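First the structure, in the form of C-alpha coordinates, and then the observations on it.
The values are calculated or read from the model by the stated rules, or taken from the named source; none is laboratory data. Here the structure is a predicted model, which means the values were calculated and not measured. Each accessible area value is taken on the protein alone, full model and side chains, heavy atoms only, with ligands, DNA and RNA left out. Shrake-Rupley method; radii C 1.70, N 1.55, O 1.52, S 1.80 Å.
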Amino acid sequence: MMYLQLLLLLVQFHLLIVDACPPLCVCNTEKTGSADLRLVQCSDPRISTVAINIPADTVKLRLEKTPVSRVPRAAFYNLSQLLFLWLTYNSIASIHPSSFVNLKALRELRLDGNLLSTFPWEGLKDMPRLQTLGLHNNRLSNLPSHAALFLHNITYLDLSSNRMIVLSPELLDLWFPLPEQRPGRVRRRILGLHDNPWLCDCQIALVMSLSMSLGSPVVLMDQLLTCRKSMDQSVFPLNHADLTRCMRPSIQPAATRIISPLGSNVILRCDATGYPTPTVTWIKISPYSDCCRRNMIDSSEQLPQNLASFMQGSPQVGVRWSIISLNGLSYRDAGEYRCQARNMAGITEAPIKLKVAGVNRGSRPQKKPGKTFPKSQSKYRKPKWPVAAPSILSSRNNPTAQVVFAPSQEKSL
(Lines give C-alpha, C1' and ligand atoms only; values in the text may rest on other atoms or scores of the structure.)
Protein backbone atom coordinates (compact mmCIF):
# COMPACT_ATOMS: atom_id res chain seq x y z
CA MET A 1 0.00 0.00 0.00
CA MET A 2 2.80 2.39 0.90
CA TYR A 3 4.51 1.50 -2.38
CA LEU A 4 1.42 2.56 -4.39
CA GLN A 5 1.12 5.83 -2.47
CA LEU A 6 4.79 6.59 -3.07
CA LEU A 7 4.40 5.85 -6.78
CA LEU A 8 1.36 8.14 -6.96
CA LEU A 9 3.27 10.96 -5.26
CA LEU A 10 6.14 10.57 -7.74
CA VAL A 11 3.76 10.76 -10.71
CA GLN A 12 2.07 13.86 -9.29
CA PHE A 13 5.45 15.48 -8.63
CA HIS A 14 6.55 14.73 -12.20
CA LEU A 15 3.36 16.25 -13.60
CA LEU A 16 3.88 19.38 -11.52
CA ILE A 17 7.41 19.74 -12.88
CA VAL A 18 6.33 19.22 -16.47
CA ASP A 19 3.38 21.58 -16.12
CA ALA A 20 5.36 24.25 -14.23
CA CYS A 21 6.71 27.32 -15.99
CA PRO A 22 10.51 27.16 -16.53
CA PRO A 23 12.64 29.49 -14.42
CA LEU A 24 13.49 32.87 -15.99
CA CYS A 25 10.49 32.49 -18.35
CA VAL A 26 6.94 33.84 -18.39
CA CYS A 27 3.97 31.60 -19.14
CA ASN A 28 0.53 32.79 -20.20
CA THR A 29 -2.71 31.12 -21.24
CA GLU A 30 -4.71 32.37 -24.18
CA LYS A 31 -8.38 31.52 -24.61
CA THR A 32 -9.38 30.35 -28.09
CA GLY A 33 -12.94 29.12 -28.15
CA SER A 34 -13.15 26.34 -25.60
CA ALA A 35 -9.40 25.62 -25.60
CA ASP A 36 -6.67 27.14 -23.45
CA LEU A 37 -3.42 27.71 -25.39
CA ARG A 38 -0.19 27.95 -23.45
CA LEU A 39 2.33 30.64 -24.47
CA VAL A 40 5.89 30.61 -23.08
CA GLN A 41 8.31 33.54 -23.45
CA CYS A 42 11.95 33.37 -22.33
CA SER A 43 13.81 36.66 -22.71
CA ASP A 44 16.09 36.82 -19.69
CA PRO A 45 19.76 37.58 -20.55
CA ARG A 46 20.84 34.97 -17.98
CA ILE A 47 19.48 32.15 -20.18
CA SER A 48 22.44 30.49 -21.93
CA THR A 49 20.89 27.22 -23.18
CA VAL A 50 17.63 26.13 -24.75
CA ALA A 51 15.34 25.16 -21.89
CA ILE A 52 14.49 21.46 -21.77
CA ASN A 53 11.61 21.69 -19.28
CA ILE A 54 9.11 23.63 -21.39
CA PRO A 55 5.54 22.42 -20.64
CA ALA A 56 4.49 19.76 -23.11
CA ASP A 57 1.22 21.54 -24.02
CA THR A 58 2.99 24.72 -25.16
CA VAL A 59 1.63 26.06 -28.44
CA LYS A 60 3.88 29.11 -28.86
CA LEU A 61 7.46 29.40 -27.60
CA ARG A 62 9.51 32.60 -27.82
CA LEU A 63 13.21 32.48 -26.91
CA GLU A 64 14.48 35.99 -27.62
CA LYS A 65 17.37 38.35 -26.79
CA THR A 66 19.49 35.78 -24.97
CA PRO A 67 23.14 34.67 -25.35
CA VAL A 68 22.06 31.20 -26.54
CA SER A 69 24.61 30.21 -29.23
CA ARG A 70 23.49 26.77 -30.38
CA VAL A 71 20.40 24.61 -30.78
CA PRO A 72 21.20 21.00 -29.79
CA ARG A 73 19.79 17.79 -31.18
CA ALA A 74 16.12 17.08 -30.38
CA ALA A 75 15.91 20.34 -28.43
CA PHE A 76 12.09 20.47 -28.66
CA TYR A 77 11.26 16.78 -28.82
CA ASN A 78 8.56 16.90 -26.12
CA LEU A 79 6.73 19.84 -27.77
CA SER A 80 4.68 17.88 -30.28
CA GLN A 81 1.81 20.43 -30.05
CA LEU A 82 4.00 23.45 -30.81
CA LEU A 83 2.66 25.66 -33.62
CA PHE A 84 4.93 28.74 -33.37
CA LEU A 85 8.65 28.72 -32.54
CA TRP A 86 10.47 32.04 -32.36
CA LEU A 87 14.22 31.96 -31.71
CA THR A 88 14.88 35.57 -32.66
CA TYR A 89 17.69 37.98 -31.83
CA ASN A 90 19.86 35.56 -29.91
CA SER A 91 23.47 34.56 -30.70
CA ILE A 92 22.66 31.27 -32.43
CA ALA A 93 25.51 30.26 -34.75
CA SER A 94 24.83 26.54 -35.20
CA ILE A 95 21.73 24.33 -35.44
CA HIS A 96 21.90 20.54 -35.34
CA PRO A 97 20.19 18.91 -38.37
CA SER A 98 17.93 16.99 -35.94
CA SER A 99 17.05 19.95 -33.73
CA PHE A 100 13.43 20.08 -34.94
CA VAL A 101 12.59 16.39 -34.77
CA ASN A 102 8.99 15.63 -33.65
CA LEU A 103 7.70 19.16 -34.44
CA LYS A 104 5.08 17.71 -36.77
CA ALA A 105 2.50 20.42 -36.03
CA LEU A 106 4.82 23.44 -36.35
CA ARG A 107 3.55 26.13 -38.74
CA GLU A 108 6.00 28.99 -38.16
CA LEU A 109 9.76 29.05 -37.46
CA ARG A 110 11.59 32.37 -37.04
CA LEU A 111 15.35 32.69 -36.60
CA ASP A 112 15.74 36.39 -37.39
CA GLY A 113 18.68 38.34 -35.99
CA ASN A 114 21.13 35.51 -35.26
CA LEU A 115 24.66 34.56 -36.44
CA LEU A 116 23.79 31.69 -38.80
CA SER A 117 26.20 31.19 -41.70
CA THR A 118 24.59 27.84 -42.61
CA PHE A 119 21.15 26.36 -42.11
CA PRO A 120 20.26 22.62 -41.97
CA TRP A 121 17.72 22.58 -44.81
CA GLU A 122 17.29 18.81 -44.54
CA GLY A 123 15.90 19.40 -41.04
CA LEU A 124 12.75 20.86 -42.61
CA LYS A 125 11.54 17.34 -43.36
CA ASP A 126 10.83 16.97 -39.62
CA MET A 127 8.32 19.86 -39.91
CA PRO A 128 5.95 18.76 -42.70
CA ARG A 129 3.38 21.51 -41.95
CA LEU A 130 5.83 24.39 -41.80
CA GLN A 131 4.74 27.33 -43.97
CA THR A 132 6.66 30.33 -42.61
CA LEU A 133 10.46 30.39 -42.33
CA GLY A 134 12.16 33.62 -41.25
CA LEU A 135 15.95 33.91 -41.65
CA HIS A 136 16.20 37.70 -41.83
CA ASN A 137 19.42 39.36 -40.67
CA ASN A 138 21.83 36.43 -40.48
CA ARG A 139 25.10 35.58 -42.28
CA LEU A 140 23.87 33.16 -44.96
CA SER A 141 25.95 33.44 -48.12
CA ASN A 142 24.19 30.92 -50.34
CA LEU A 143 21.04 28.89 -50.76
CA PRO A 144 22.22 25.42 -51.92
CA SER A 145 20.46 23.55 -54.70
CA HIS A 146 19.35 20.69 -52.40
CA ALA A 147 17.35 23.18 -50.32
CA ALA A 148 14.68 23.11 -53.06
CA LEU A 149 13.85 19.53 -52.02
CA PHE A 150 12.57 20.74 -48.64
CA LEU A 151 10.91 24.08 -49.52
CA HIS A 152 7.81 22.89 -51.37
CA ASN A 153 5.44 23.70 -48.49
CA ILE A 154 7.06 27.03 -47.57
CA THR A 155 4.85 29.95 -48.65
CA TYR A 156 6.72 32.67 -46.72
CA LEU A 157 10.54 32.71 -46.88
CA ASP A 158 12.51 35.72 -45.64
CA LEU A 159 16.19 35.72 -46.67
CA SER A 160 16.66 39.47 -46.52
CA SER A 161 19.66 41.17 -44.90
CA ASN A 162 22.04 38.27 -45.39
CA ARG A 163 25.09 37.76 -47.62
CA MET A 164 23.37 35.97 -50.51
CA ILE A 165 25.17 36.09 -53.87
CA VAL A 166 23.49 33.70 -56.32
CA LEU A 167 20.41 31.48 -56.59
CA SER A 168 20.57 27.91 -57.86
CA PRO A 169 18.56 26.84 -60.95
CA GLU A 170 16.66 24.30 -58.82
CA LEU A 171 15.23 27.12 -56.68
CA LEU A 172 14.25 29.13 -59.72
CA ASP A 173 12.43 26.09 -61.11
CA LEU A 174 10.61 25.72 -57.78
CA TRP A 175 9.53 29.36 -57.56
CA PHE A 176 8.91 30.02 -61.28
CA PRO A 177 7.95 26.70 -62.91
CA LEU A 178 7.50 26.62 -66.66
CA PRO A 179 3.85 26.44 -67.83
CA GLU A 180 4.11 22.76 -68.78
CA GLN A 181 5.64 21.96 -65.38
CA ARG A 182 2.99 23.70 -63.27
CA PRO A 183 0.34 21.72 -61.36
CA GLY A 184 -3.34 22.56 -61.60
CA ARG A 185 -3.14 25.36 -59.05
CA VAL A 186 0.04 27.38 -58.54
CA ARG A 187 0.94 28.09 -54.92
CA ARG A 188 1.76 31.74 -54.29
CA ARG A 189 4.88 32.49 -52.28
CA ILE A 190 6.22 35.56 -50.51
CA LEU A 191 10.00 35.98 -50.73
CA GLY A 192 12.32 38.38 -48.97
CA LEU A 193 15.46 38.77 -51.09
CA HIS A 194 16.32 42.43 -50.53
CA ASP A 195 19.40 43.80 -48.77
CA ASN A 196 21.73 41.11 -50.17
CA PRO A 197 24.87 41.64 -52.31
CA TRP A 198 23.56 39.71 -55.35
CA LEU A 199 25.79 39.25 -58.37
CA CYS A 200 24.38 41.12 -61.35
CA ASP A 201 23.45 38.17 -63.54
CA CYS A 202 20.57 36.85 -65.58
CA GLN A 203 19.08 34.85 -62.71
CA ILE A 204 18.41 37.68 -60.30
CA ALA A 205 17.18 39.85 -63.18
CA LEU A 206 14.62 37.22 -64.17
CA VAL A 207 13.47 36.85 -60.57
CA MET A 208 12.80 40.58 -60.54
CA SER A 209 11.02 40.71 -63.91
CA LEU A 210 8.94 37.55 -63.37
CA SER A 211 7.84 38.62 -59.90
CA MET A 212 6.49 41.85 -61.39
CA SER A 213 4.57 40.11 -64.18
CA LEU A 214 0.81 39.62 -64.03
CA GLY A 215 -0.21 36.44 -62.20
CA SER A 216 3.30 35.74 -60.89
CA PRO A 217 3.49 32.87 -58.37
CA VAL A 218 6.04 34.91 -56.36
CA VAL A 219 5.61 38.24 -54.57
CA LEU A 220 8.74 40.03 -53.35
CA MET A 221 8.55 41.81 -50.00
CA ASP A 222 10.74 44.58 -51.36
CA GLN A 223 11.44 45.00 -55.09
CA LEU A 224 14.43 47.32 -54.56
CA LEU A 225 17.13 44.67 -54.95
CA THR A 226 20.81 45.57 -55.18
CA CYS A 227 23.65 43.80 -56.96
CA ARG A 228 27.33 44.15 -57.87
CA LYS A 229 29.42 43.37 -60.94
CA SER A 230 32.07 41.38 -59.05
CA MET A 231 32.90 40.29 -55.53
CA ASP A 232 35.10 43.30 -54.76
CA GLN A 233 32.76 46.00 -56.09
CA SER A 234 30.16 47.96 -54.19
CA VAL A 235 26.45 47.34 -54.63
CA PHE A 236 24.04 49.46 -56.64
CA PRO A 237 20.34 49.20 -57.59
CA LEU A 238 19.55 46.25 -59.81
CA ASN A 239 17.50 48.32 -62.24
CA HIS A 240 20.67 50.31 -63.10
CA ALA A 241 22.66 47.22 -64.12
CA ASP A 242 23.35 46.09 -67.68
CA LEU A 243 22.67 42.39 -67.23
CA THR A 244 23.63 39.39 -69.34
CA ARG A 245 20.72 37.94 -71.29
CA CYS A 246 19.48 34.47 -70.47
CA MET A 247 20.20 31.74 -73.04
CA ARG A 248 17.80 28.92 -73.86
CA PRO A 249 19.50 25.54 -73.26
CA SER A 250 20.90 23.45 -76.07
CA ILE A 251 21.50 19.75 -75.61
CA GLN A 252 23.74 17.23 -77.35
CA PRO A 253 23.46 13.46 -76.75
CA ALA A 254 26.55 11.27 -77.16
CA ALA A 255 24.55 9.09 -79.61
CA THR A 256 21.03 9.25 -80.99
CA ARG A 257 20.64 5.59 -82.12
CA ILE A 258 22.08 2.65 -80.17
CA ILE A 259 21.87 -1.09 -80.89
CA SER A 260 23.20 -3.27 -78.08
CA PRO A 261 22.97 -7.03 -77.48
CA LEU A 262 20.72 -8.62 -74.90
CA GLY A 263 22.28 -8.71 -71.42
CA SER A 264 24.88 -6.03 -72.13
CA ASN A 265 25.43 -2.74 -70.26
CA VAL A 266 24.75 0.64 -71.86
CA ILE A 267 25.48 4.21 -70.73
CA LEU A 268 23.45 7.12 -72.15
CA ARG A 269 24.94 10.62 -71.85
CA CYS A 270 23.77 14.14 -72.67
CA ASP A 271 25.62 17.47 -72.47
CA ALA A 272 23.62 20.67 -72.03
CA THR A 273 24.63 24.33 -72.24
CA GLY A 274 22.63 27.43 -71.39
CA TYR A 275 22.34 30.36 -69.03
CA PRO A 276 21.38 30.02 -66.22
CA THR A 277 22.98 26.59 -65.94
CA PRO A 278 20.27 24.14 -67.09
CA THR A 279 19.07 21.11 -65.17
CA VAL A 280 18.95 17.78 -67.04
CA THR A 281 16.29 15.10 -66.54
CA TRP A 282 15.70 11.76 -68.30
CA ILE A 283 12.37 10.44 -69.56
CA LYS A 284 11.49 7.17 -71.27
CA ILE A 285 8.82 8.05 -73.84
CA SER A 286 7.85 4.80 -75.55
CA PRO A 287 8.94 1.14 -75.90
CA TYR A 288 10.60 -0.22 -79.01
CA SER A 289 8.30 -2.58 -80.91
CA ASP A 290 8.90 -4.29 -84.23
CA CYS A 291 7.59 -7.37 -85.95
CA CYS A 292 9.75 -9.76 -83.91
CA ARG A 293 9.85 -8.35 -80.41
CA ARG A 294 6.38 -6.88 -79.97
CA ASN A 295 5.12 -9.82 -77.94
CA MET A 296 8.13 -9.68 -75.59
CA ILE A 297 7.46 -6.13 -74.36
CA ASP A 298 5.57 -5.78 -71.12
CA SER A 299 2.48 -3.76 -71.98
CA SER A 300 1.91 -2.89 -68.30
CA GLU A 301 4.86 -0.48 -68.25
CA GLN A 302 3.62 3.05 -67.51
CA LEU A 303 5.06 5.52 -70.01
CA PRO A 304 6.26 8.22 -70.13
CA GLN A 305 8.41 7.53 -67.08
CA ASN A 306 10.94 9.75 -65.32
CA LEU A 307 14.32 8.10 -64.76
CA ALA A 308 16.87 8.80 -62.06
CA SER A 309 20.23 10.09 -63.23
CA PHE A 310 23.16 7.78 -62.50
CA MET A 311 25.65 10.66 -62.42
CA GLN A 312 25.43 14.40 -63.08
CA GLY A 313 27.85 17.29 -62.87
CA SER A 314 28.48 20.90 -63.81
CA PRO A 315 32.17 21.56 -64.62
CA GLN A 316 31.56 25.27 -65.16
CA VAL A 317 28.81 27.87 -65.16
CA GLY A 318 26.41 27.29 -68.04
CA VAL A 319 27.36 23.62 -68.61
CA ARG A 320 25.67 20.49 -67.25
CA TRP A 321 26.18 16.83 -68.19
CA SER A 322 24.12 13.82 -67.12
CA ILE A 323 24.42 10.03 -67.41
CA ILE A 324 22.02 7.11 -66.91
CA SER A 325 23.25 3.52 -66.76
CA LEU A 326 21.27 0.51 -68.02
CA ASN A 327 22.77 -2.77 -66.82
CA GLY A 328 21.87 -6.25 -68.09
CA LEU A 329 19.70 -5.09 -70.99
CA SER A 330 16.35 -6.77 -71.48
CA TYR A 331 13.71 -6.17 -74.13
CA ARG A 332 11.86 -3.88 -71.68
CA ASP A 333 14.81 -1.48 -71.78
CA ALA A 334 14.44 -0.95 -75.51
CA GLY A 335 12.62 2.18 -76.60
CA GLU A 336 12.91 5.93 -77.03
CA TYR A 337 14.56 8.00 -74.31
CA ARG A 338 14.73 11.77 -74.08
CA CYS A 339 17.17 13.91 -72.16
CA GLN A 340 15.54 17.19 -71.24
CA ALA A 341 17.43 20.39 -70.38
CA ARG A 342 15.58 23.34 -68.87
CA ASN A 343 16.24 26.67 -67.27
CA MET A 344 14.29 29.88 -66.83
CA ALA A 345 14.77 30.75 -70.51
CA GLY A 346 13.15 27.59 -71.87
CA ILE A 347 13.30 23.86 -72.36
CA THR A 348 15.01 21.63 -74.96
CA GLU A 349 14.83 17.86 -75.56
CA ALA A 350 16.93 15.36 -77.49
CA PRO A 351 15.69 11.84 -78.40
CA ILE A 352 17.79 8.68 -78.08
CA LYS A 353 16.54 5.39 -79.55
CA LEU A 354 17.79 2.15 -78.01
CA LYS A 355 17.30 -1.23 -79.69
CA VAL A 356 18.13 -4.51 -77.95
CA ALA A 357 19.44 -7.18 -80.32
CA GLY A 358 18.69 -10.77 -79.27
CA VAL A 359 20.62 -14.02 -79.90
CA ASN A 360 19.62 -15.90 -83.07
CA ARG A 361 19.24 -19.48 -81.91
CA GLY A 362 19.09 -20.83 -85.46
CA SER A 363 22.66 -19.90 -86.28
CA ARG A 364 25.50 -22.32 -85.71
CA PRO A 365 28.84 -21.32 -84.27
CA GLN A 366 31.60 -21.34 -86.81
CA LYS A 367 33.87 -24.35 -86.35
CA LYS A 368 37.50 -23.68 -85.77
CA PRO A 369 39.98 -26.11 -87.26
CA GLY A 370 41.35 -28.41 -84.58
CA LYS A 371 45.05 -28.89 -84.02
CA THR A 372 46.43 -31.84 -86.04
CA PHE A 373 49.45 -34.02 -85.29
CA PRO A 374 51.48 -36.29 -87.55
CA LYS A 375 50.43 -39.93 -87.43
CA SER A 376 53.72 -40.96 -85.94
CA GLN A 377 53.29 -38.55 -82.99
CA SER A 378 49.62 -39.22 -82.38
CA LYS A 379 49.13 -41.29 -79.22
CA TYR A 380 45.33 -41.56 -79.37
CA ARG A 381 42.84 -42.74 -81.94
CA LYS A 382 41.28 -40.00 -84.03
CA PRO A 383 37.62 -39.45 -83.07
CA LYS A 384 34.83 -39.95 -85.59
CA TRP A 385 33.63 -36.32 -85.32
CA PRO A 386 35.56 -33.08 -85.37
CA VAL A 387 36.65 -31.70 -81.98
CA ALA A 388 34.89 -28.42 -81.20
CA ALA A 389 36.78 -25.38 -80.01
CA PRO A 390 37.22 -25.28 -76.19
CA SER A 391 35.75 -21.79 -75.99
CA ILE A 392 32.44 -23.14 -77.28
CA LEU A 393 32.29 -26.34 -75.29
CA SER A 394 33.33 -24.82 -71.97
CA SER A 395 30.33 -23.26 -70.26
CA ARG A 396 32.53 -22.30 -67.32
CA ASN A 397 34.55 -19.87 -69.43
CA ASN A 398 31.58 -18.74 -71.50
CA PRO A 399 28.27 -19.26 -69.64
CA THR A 400 26.15 -17.89 -72.48
CA ALA A 401 27.69 -20.08 -75.16
CA GLN A 402 25.49 -22.64 -76.87
CA VAL A 403 26.79 -25.95 -78.17
CA VAL A 404 25.23 -27.00 -81.49
CA PHE A 405 25.88 -30.47 -82.86
CA ALA A 406 25.41 -31.74 -86.37
CA PRO A 407 22.85 -34.62 -86.76
CA SER A 408 25.57 -37.26 -87.31
CA GLN A 409 27.46 -36.12 -84.22
CA GLU A 410 24.29 -36.19 -82.15
CA LYS A 411 23.65 -39.83 -83.14
CA SER A 412 27.18 -40.85 -82.21
CA LEU A 413 26.87 -39.17 -78.83
Cα gyration tensor category, rounded, prolate or oblate, for the range 30-132 with a/c compared to 1.5:
oblate
Which far-off residues, 5 or more places away or on another chain, put their amide H under 5 Å from the one on Leu225, with H placed in the peptide plane?
Leu238
Accessible area expressed per residue, the range 116-224, with surrounding protein chains retained (probe 1.4 Å, Å²):
45 Å²
When all protein chains stay in place, what accessible area (Å², nearest 10, 1.4 Å probe) is found for Val71?
0 Å²
Out of the total accessible area of the range 31-166 (probe 1.4 Å, heavy atoms of protein only), what percent is carbon and sulfur?
50 percent
Computed accessible area, His152, all protein chains, 1.4 angstrom probe, square angstrom
100 Å²
